[in-house]
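Below is one structure, written out as structure tokens; comments come after it.
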Amino acid sequence: MASTELILFAINTAVKLNGAARKHFIASTQARSITFPIPKMDPNPNITSALNFFKDAEMGRVYLDNAEFLKRAIKPHIDQSHAALRRALNEEERQRCIDYYRNYMALYLAREENSLALGSDVLSESELQSMLTISQWQDGDSPHPSLLMRIAGNLVDVAVDYFLQMPEAFNREGKNGKIIQAVLTGLDTIDFTDGIEPENIGDLPQRLLLVSLEGVSENASLFNTEPRFQELVSITTAALAKDIDAKIKAVRAAPGQSATETLAAKEKLIQWGEFVFKSVLASAGSAMIMQPQKFLKQSNQAHQDLTTTVAGALLQTILEDNEKGLIQAAFNEHTLEELMLASLQVFGRHPALVVSENTKHKEAIIGLVQSIATDLGEKAALFGEDTLAEIVRLVLENSRTHIELFWPDIANDPKKHKLINIAKDVVGHLAQVAVGNAKWTPQFTRDDLDELLGFVFTEVVDYPNWVMDKAGEINPNLSTALQAMIGSLRQSDQGFTSSADAIALLKVGLRAVIDDQDFVKEIQAGKYPIAEIFDLLSTDMGGLANGLEEKLKGQWQNLRIEAKERILSALLEAAAAKGLTLENINNLKTTFKSLIAENQTLNVDVLLDLLLQRVLNAENA
């Protein structure tokens, strides 16, 4: 029976047993030497009894090939006399022979009587054999044990404990059986030559198994019907175990660390491995469900390469955080899952980036994260630790449709991604603290940043020309617009009660800039059309409000942001129609203010109708 099948069989057996028998069963799979409680057997067997059993062709001789020790130490001498056979064994080997005799006698009795009583439970020969085999793995009985063999008992313990707490029964052929088999298969590919010691990776395998079991319910259909997903789990399990092992070995080899520091670093590495594995299960499942035409029609190898590469890249980036801890601080289970999904979608849309030998897609992801962390990590952290991860996700997600435009040299210089410059402008301006004579001083929030950055990325993807020059480089239009508009708003004390209101107006202003880049061309030293129009809603209207009746003054102070958006949009449209000169803009502002004063109204519909009439009349004059 293969290792994975035997462990599944042992889990199934242990789940069925009652309390005392279950404890004995699980303890046996974890022990280096086990003893079955057999009522019919001499409680103090000796070497003579043991040799008699293994010499007997009807009893113990059939088991000599079942264990490496018996095959090596007993079988070659089995036809010799008792005395010669005893002389061939040293004291330690004689004791081991007695231990094996006790356990294989239990198997023999179970075979002869079709079962063996263990407390109130009854075990079959095959069930006892699974216990014995796993115990022998712990004892180093195999000359070339896989990692799976050496940790099998602990995995049985974790799985049984999980199913005892969950209402859903263990089913070897169901989704939970398949996911356990997938994890076990991955661990079984790590053999003796890989040099991974169980002590080195700690409880990472048990954590990966639990993460898989807990994730089954979210992707039940994939576990039951899609072999590719099961294979992906296996491959990712092995890849992460090897990666974490290599990192832990490096930590242990590092000079100048105390045992406590080494232990803490090891635990941190194992925890990151668990987080990345969890994100792989969630994001890969989501990608398959959301875009089956891409991920389930890809070759199996391509899909596995894609997912394991992305996971490995993210793990390496996090563990090799050279940005003062900003990268590690930015990632958690949630942000990792989202970033994994965004990465899978980008590279799933462009499979050539995965299969091409000339494209270093792993380095592309690493370079992207490191570049964003370097360029705007500290400012992004002002909005929350996980902001950096969200920016990386947005950059990747918005790269899908124009990857050649935004990431032109992904193979050779992956850190040069043009959307990073866009994000840098937005984050930089929103992060600035109000200083000097600013009258409106609220700081922009994380929600504000998410709203504006998402808006800007969408507009850049749909209309890239407004932020890019003819050479394809990012121009200063966005930065100039944000600096001018925010500068104007900072001078306002007229009704801007929240940063969210300011973001709404900035979006109106940016739409105007997208349509006409002349709004961000200097019309006089330090003066830009976009800022001059914004001034009408900030500083200029303040003076006008003092001349209004008290009722209208209060209405102006409480004018809803939707109304201000409409006013600003109409003024920007009118300014563009009349021509963006300083004289025209000043005339427009004077016209609008006079309409309010003359009509003593702040009804937006009335004001905008009157403004349209004045503008049209002026054009026809």
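The values are calculated or read from the model by the stated rules, or taken from the named source; none is laboratory data. Values in this document were obtained by computation on a predicted structure and should not be read as measured data. Neighbour counts run over all protein chains shown; Cβ positions are idealised from the backbone, glycine included. Ligands, DNA and RNA are stripped out before the accessible areas are found, and what is left, the full protein with its side chains, is counted by its heavy atoms. Shrake-Rupley method; radii C 1.70, N 1.55, O 1.52, S 1.80 Å.
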Reported set for the range 507-537 where residues are among the acidic types (D, E) and open to solvent by less than 20 Å² (accessible area, probe 1.4 Å) is E532
Picked from the range 600-616 (must be of a type in the set (V, I, T) and part of a helix (DSSP H, G or I)), the residue farthest from Q524 (Cα to Cα) is V606
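So that you can scan it fast, the table gives a plain yes or no per residue for (1) at pLDDT 90 or above; (2) open to solvent by 40 Å² or more (accessible area, probe 1.4 Å):
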{"residue": "A67", "(1), (2)": "no, no"}
{"residue": "I74", "(1), (2)": "yes, no"}
{"residue": "H82", "(1), (2)": "no, yes"}
{"residue": "R86", "(1), (2)": "no, yes"}
{"residue": "N90", "(1), (2)": "yes, yes"}
{"residue": "Y100", "(1), (2)": "no, no"}
{"residue": "Y104", "(1), (2)": "no, no"}
Restricted to the range 330-355 and to residues being over 17 Å from N398 (Cβ atoms) and open to solvent by 40 Å² or more (accessible area, probe 1.4 Å), the residue modelled with the lowest pLDDT is V355
Result of the Cβ filter at 6 Å on the range 581-610, keeping first residues that are of a type in the set (A, V, I, L, M) and partners that are part of a helix (DSSP H, G or I) and open to solvent by 30 Å² or more (accessible area, probe 1.4 Å), at least 6 apart or interchain, is L595/L610; L602/Q555; V604/R566
From the option list A220, A253, A246, A182, single residue qualifying as surrounded by fewer than 18 Cβ atoms within 10 Å (Cβ to Cβ), within 21 Å of the chain's Cα centre (by Cα) and at pLDDT 80 or above is A246
Exactly one of M485, M468 is closer than 24 Å to K416 by Cα and either crowded, with 17+ Cβ neighbours inside 10 Å or touching a residue at least 24 places away in the same chain (Cβ under 8 Å) (or both), and that residue is M468
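Quick grid of which residues meet (1) at pLDDT below 90; (2) part of a helix (DSSP H, G or I); (3) of a type in the set (A, V, I, L, M, F, W, C):
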residue	(1), (2), (3)
F25	yes, yes, yes
T29	yes, yes, no
I34	yes, no, yes
I38	yes, no, yes
S49	no, yes, no
F54	no, yes, yes
E58	yes, no, no
Inside the range 373-413, the number of residues satisfying the requirement of being part of a helix (DSSP H, G or I) and either more than 14 Å from V427 (Cβ to Cβ) or not β-branched (V, I, T) (or both) is 19
Scanning the range 262-281 residue by residue, the ones that are at pLDDT 80 or above, open to solvent by 40 Å² or more (accessible area, probe 1.4 Å) and in contact with a helix residue (DSSP H, G or I) (Cβ under 9 Å, 6 or more places away or on another chain) total 2
#### Entry: A597 among the aliphatic types (A, V, I, L, M), touching a helix residue (DSSP H, G or I) at 6+ places or on another chain (Cβ under 9 Å), in a helix (DSSP H, G or I) and modelled with pLDDT under 80
yes
Exception for P442 within (1) out of contact with any Lys or Arg (no Cβ under 8 Å at 6 or more places or on another chain); (2) part of a helix (DSSP H, G or I); (3) touching a residue at least 12 places away in the same chain (Cβ under 8 Å) falls at (2)
### Message
Given the condition at pLDDT below 85 and either within 17 Å of the chain's Cα centre (by Cα) or surrounded by fewer than 18 Cβ atoms within 10 Å (Cβ to Cβ) (or both), answer yes or no: does some residue in the range 416-427 qualify?
### Response
yes
Check: Is the range 489-506 home to any residue that is assigned to a helix (DSSP H, G or I), of a type in the set (V, I, T) and loosely packed, with under 15 Cβ neighbours inside 10 Å?
Finding: no
